[in-house]
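Notes for the one structure printed next.
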Amino acid sequence: ETGVTQSPTHLIKTRGQQVTLRCSSQSGHNTVSWYQQALGQGPQFIFQYYREEENGRGNFPPRFSGLQFPNYSSELNVNALELDDSALYLCASSLDLTVFYGYTFGSGTRLTVV
Amino acid sequence: AQRVTQPEKLLSVFKGAPVELKCNYSYSGSPELFWYVQYSRQRLQLLLRHISRESIKGFTADLNKGETSFHLKKPFAQEEDSAMYYCALKRGAQKLVFGQGTRLTINP
């Protein structure tokens with residue numbers, strides 16, 4: 001059984017650029033959520049995907065978008081990067097939308113926007 | 001609005017002393033609360049859920065609806081308990097609202 005894996009681990013981008021972050025869910029998990037964790041803060045919910053459809057979104061602008069693939073892996077895309085987008089982005093998977101025992105988190109991707 | 005407050009950003013106790021990490025929440029419905037822990041250079045991991053009323057690594061947490069609290073407690077701290085602790089409230093279908101976290105340091 002594998003856990004949640006995220007890539008890349010670190011990334012530096014320039015303001016205005018676009019970025020794609022990737023996540024492989026834990027084996028057997030079909031629900032994936034993305035969180036943004038700014039320095040010194042707790043994780044903040046961005047959105048969640050279930051069976052390739054968005055299933056809930058936090059207070060993030062439309063330039064944050066995502067995808068979930070048939071194998072339940074996922075991507076987070078951010079367009080028109082801003083300096084405030086610099087943060088740790090966490091992917092979290094869970095067994096199923098109908099059952100929640102808690103998330104399994106990845107190690108995160110640290111994004112720096114300069 | 002649903003909110004989780006962890007009033008202490010830093011908490012330092014001596015090994016063998018009791019530990020209590022505070023968590024208060026605001027939620028109008030029936031809350032479902034969690035504690036997550038992040039050890040140094042490790043990923044965020046679930047410590048315990050109030051629904052299961054379990055004790056993990058000697059930690060317990062009791063939901064007090066009157067005081068809207070879910071404090072995490074351990075009677076005798078160990079050095080390996082040093083970590084970042086986050087309290088989280090489940091809102092809707094699997095969305096978690098996290099507190100800002102408390103960094104716990106256990107002094108030898």
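Among (1) within 11 Å of the chain's Cα centre (by Cα); (2) closer than 29 Å to residue A:54 by Cβ, which single condition is residue B:48 missing?
(2)
Please verify whether residue B:8 is within 14 Å of residue B:85 (Cβ to Cβ), assigned to a loop (DSSP other than H, G, I, E, B) and under 15 Å from the mean Cα position of the chain (by Cα), treating the condition exactly as stated.
Details: within 14 Å of residue B:85 (Cβ to Cβ): yes; assigned to a loop (DSSP other than H, G, I, E, B): yes; under 15 Å from the mean Cα position of the chain (by Cα): yes.
It is true that residue B:8 is within 14 Å of residue B:85 (Cβ to Cβ), assigned to a loop (DSSP other than H, G, I, E, B) and under 15 Å from the mean Cα position of the chain (by Cα).
Any residue in segment A:12-34 that's more than 13 Å from chain B (Cβ to nearest Cβ) and within 17 Å of residue A:110 (Cα to Cα): show its pairings with residues that are surrounded by fewer than 20 Cβ atoms within 10 Å (Cβ to Cβ) and of a type in the set (Gly, Ala, Ser) at Cβ separation under 6 Å, as long as the two are six or more apart or on different chains.
A:22/A:7; A:24/A:73
Taking segment B:76-108 on its own, how many of its residues are out of contact with any Cys (no Cβ under 7 Å at 6 or more places or on another chain), closer than 18 Å to residue B:23 by Cβ and not in a strand (DSSP E or B)?
The total comes to 4.
Which one is nearest to the other protein chains (Cβ to nearest Cβ), of the residues in segment B:24-47 that are under 18 Å from residue B:95 (Cα atoms) and in a loop (DSSP other than H, G, I, E, B)? Walk me through it before giving the result.
Taking segment B:24-47 and keeping what is under 18 Å from residue B:95 (Cα atoms), we get B:24-37, B:44-47.
In the following step, the residues that additionally are in a loop (DSSP other than H, G, I, E, B) were identified as B:27-32, B:44.
On the way: B:27: 15, B:28: 18, B:29: 15, B:30: 14, B:31: 14, B:32: 8, B:44: 4 Å.
Ranking the qualifying residues of segment B:24-47, first place goes to B:44.
Could we say that residue A:90 is of a type outside the set (Gly, Ala, Ser), closer than 27 Å to residue B:47 by Cα, in a strand (DSSP E or B) and modelled with pLDDT of 95 or more here? Please lay out each step first, then the result.
Working: of a type outside the set (Gly, Ala, Ser): yes; closer than 27 Å to residue B:47 by Cα: yes; in a strand (DSSP E or B): yes; modelled with pLDDT of 95 or more: yes.
Yes, satisfied.
In this structure, is residue B:86 within 22 Å of residue A:56 (Cβ to Cβ) and away from chain A (no Cβ under 11 Å)?
Working: within 22 Å of residue A:56 (Cβ to Cβ): yes; away from chain A (no Cβ under 11 Å): no.
In short, no.
Look through A:106, A:40, A:56 and report the one residue that is within 10 Å of chain B (Cβ to nearest Cβ), at positive phi and surrounded by 14 or more Cβ atoms within 10 Å (Cβ to Cβ). Spell out the reasoning first.
On the way: A:106 fails: at positive phi; A:40 fails: surrounded by 14 or more Cβ atoms within 10 Å (Cβ to Cβ).
From the options A:106, A:40, A:56, the qualifying one is A:56.
If residue B:51 satisfies all but one of (1) within 14 Å of another protein chain (Cβ to nearest Cβ); (2) touching a residue at least 60 places away in the same chain (Cβ under 8 Å); (3) surrounded by 13 or more Cβ atoms within 10 Å (Cβ to Cβ); (4) aliphatic (A, V, I, L, M), what's the number of the condition it fails?
Checking residue B:51 against (1) within 14 Å of another protein chain (Cβ to nearest Cβ); (2) touching a residue at least 60 places away in the same chain (Cβ under 8 Å); (3) surrounded by 13 or more Cβ atoms within 10 Å (Cβ to Cβ); (4) aliphatic (A, V, I, L, M), the one that fails is (2).
Scan segment B:48-74 residue by residue and report those that are part of a loop (DSSP other than H, G, I, E, B) and either hydrophobic (A, V, I, L, M, F, W, C) or in contact with a Ser or Thr (Cβ under 9 Å, 6 or more places away or on another chain) (or both). Walk me through it before giving the result.
Kept after step one, since they are part of a loop (DSSP other than H, G, I, E, B), are these residues of segment B:48-74: B:50-55, B:57-58, B:62-63, B:65-68, B:70-71.
The answer is B:51, B:53, B:54, B:62, B:63, B:65, B:68, B:70.
Show me the strands (runs of 3 or more DSSP E) entirely contained within segment A:1-81 in which 1 or more residues are over 22 Å from residue B:2 (Cβ atoms) and more than 13 Å from the chain's Cα centre (by Cα).
Numbers: elements: A:5-7, A:10-13, A:19-24, A:31-37, A:44-50, A:53-57, A:64-68, A:74-78.
By residue number, A:10-13, A:53-57.
The values are calculated or read from the model by the stated rules, or taken from the named source; none is laboratory data. The structure displayed is predicted, hence computed values, not measured ones. A quick note on method: Cβ atoms are made from the backbone with ideal geometry, for glycine too, and the neighbour counts reach across all protein chains shown.
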